[in-house]
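One structure is given below, encoded as structure tokens.
The values are calculated or read from the model by the stated rules, or taken from the named source; none is laboratory data. All of these numbers come straight from a predicted model, not from anything done at the bench. With ideal geometry, Cβ positions are generated from the backbone for all residues, glycine too; neighbour counts draw on all protein chains shown.
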Amino acid sequence: MQKLFILAGVFLIVQVLWGHKLPLLIGPASVLLIGIVSSLSFSYSVIYTSVTIGGVLLLLLSVSGLLAMINFLFTPRIIVVILLLIGFTLAPVIINLLFENSVGLENFHFWFAIALVLLMLVMNKWFVGIWKSIVVLLGLVIGTLVYIQFGKPMEPFETTTLSEIVSSDKTSFFILPFEFDFGVIIAFIFCYLALLINELGSIQSMGSILDVKDMDKRTQRGVAVTGVSNIFAGISGVIGLVDFSFSPGIISATRCASRYVLIPAGIGLMLISFFPGLVSILNQTPSLVIGAIMFYLMVSQLASGFQLMQKQKAVLDFESAIVIGFPVMLAVLISFLPDAVVASIPLIVRPIFTNGFVMGVIAVIICEHFIYRKKKA
């Protein structure tokens, strides 16, 4: 966790100042978990060597100029779908957070989440100025205090001294030597294809919301920095990083689109990494409260998508509505696939076929540019 905090802080600042220069949050890429989990029978060196190779591939795609050839795919309708997909495909994650450790308290968890989200909506409606910008922070603090008072008692957290961290052989900063396994590398290549789609969707959707013009160069730089961050993640033995696609929802909720406010956040992440006890405390934030915050942010995310749909006149007829409706419905179905179906899909393609967001993006590209392609007059 400490190494992850350091890398996230460093590359958040790098992205903001020299990468895509957009107010996008950065963090661990959940799509890589499938590759890691499916390769647990191999050594850590094999797994994180593959992560490093994935980062190298992203960097090569960026510097080679190949990314500029696919930017034309992201039409206004596709950007709208990406914004909607983020909200809908995170529903299973939000549900898991809301009802984690809720045995015997299911009703409390459900109504607690509804009440907290409604409270934040009211605050967002009536607050002005700086108060509107800290609605999420207030929701986190109020929700945690109420949970401690009326919910399940929080588990005591463990603290570790910095000297213990440094002296531990298992926590050396670099994972060496590199070990190669062709099958694991192929599995991670599919994972990084999904990560690339996620990265491009995040950058393009944010650029569309902020009406940024030089998106080709920003996309190239952003993917390059993400590639470098994954190289460092691989050689240090932590999960790779990606720009979070729910960042537009945070902007809509806080009414702040300045990229510079993320610089103190990056510095804070780096400073926190030097205090293991503080990292442990942050890990103790109730999952119910985090789920409710995510619920609120995804409401804002969907609102951004619908607002952009109206602004860009993305729906003009029934066919254009189908282009939006089919990918969203497909993504929702994939997000709730039964475990038996997921297990029946070959591991090598599972990162793509079981990822609702990735499959939704692929589906909307097919619908927009092939099935319902508009003929030029």
- Do we find that Asp216 is touching a residue at least 60 places away in the same chain (Cβ under 8 Å) and crowded, with 24+ Cβ neighbours inside 10 Å in this structure? no
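Each row is one residue, and each column tells you yes or no for (1) modelled with pLDDT under 90; (2) small (Gly, Ala, Ser); (3) in contact with a Pro (Cβ under 8 Å, 6 or more places away or on another chain).
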residue: Leu24; (1), (2), (3): no, no, no
residue: Val31; (1), (2), (3): yes, no, yes
residue: Gly35; (1), (2), (3): yes, yes, yes
residue: Ser43; (1), (2), (3): yes, yes, no
residue: Val51; (1), (2), (3): no, no, no
residue: Ser62; (1), (2), (3): no, yes, no
residue: Ala68; (1), (2), (3): yes, yes, no
residue: Phe74; (1), (2), (3): yes, no, no
residue: Arg77; (1), (2), (3): no, no, no
- Query: Out of all the residues in region 230-237, is one or more under 18 Å from Ile6 (Cα atoms), assigned to a helix (DSSP H, G or I) and under 17 Å from the mean Cα position of the chain (by Cα)?
  - Reply: yes
- Task: Of all residues in region 262-284, count the ones that are more than 23 Å from Val16 (Cα to Cα) and either in a loop (DSSP other than H, G, I, E, B) or out of contact with any helix residue (DSSP H, G or I) (no Cβ under 9 Å at 6 or more places or on another chain) (or both).
- Result: 6
- Query: Is it the case that region 280-288 has a residue that's of a type in the set (A, V, I, L, M, F, W, C), over 24 Å from Glu199 (Cβ atoms) and in contact (Cβ under 8 Å) with a residue 24 or more places away in the chain?
  - Reply: yes
- The lone condition Leu330 fails out of (1) buried (at least 20 other Cβ atoms within 10 Å of the Cβ); (2) modelled with pLDDT of 90 or more is (1)
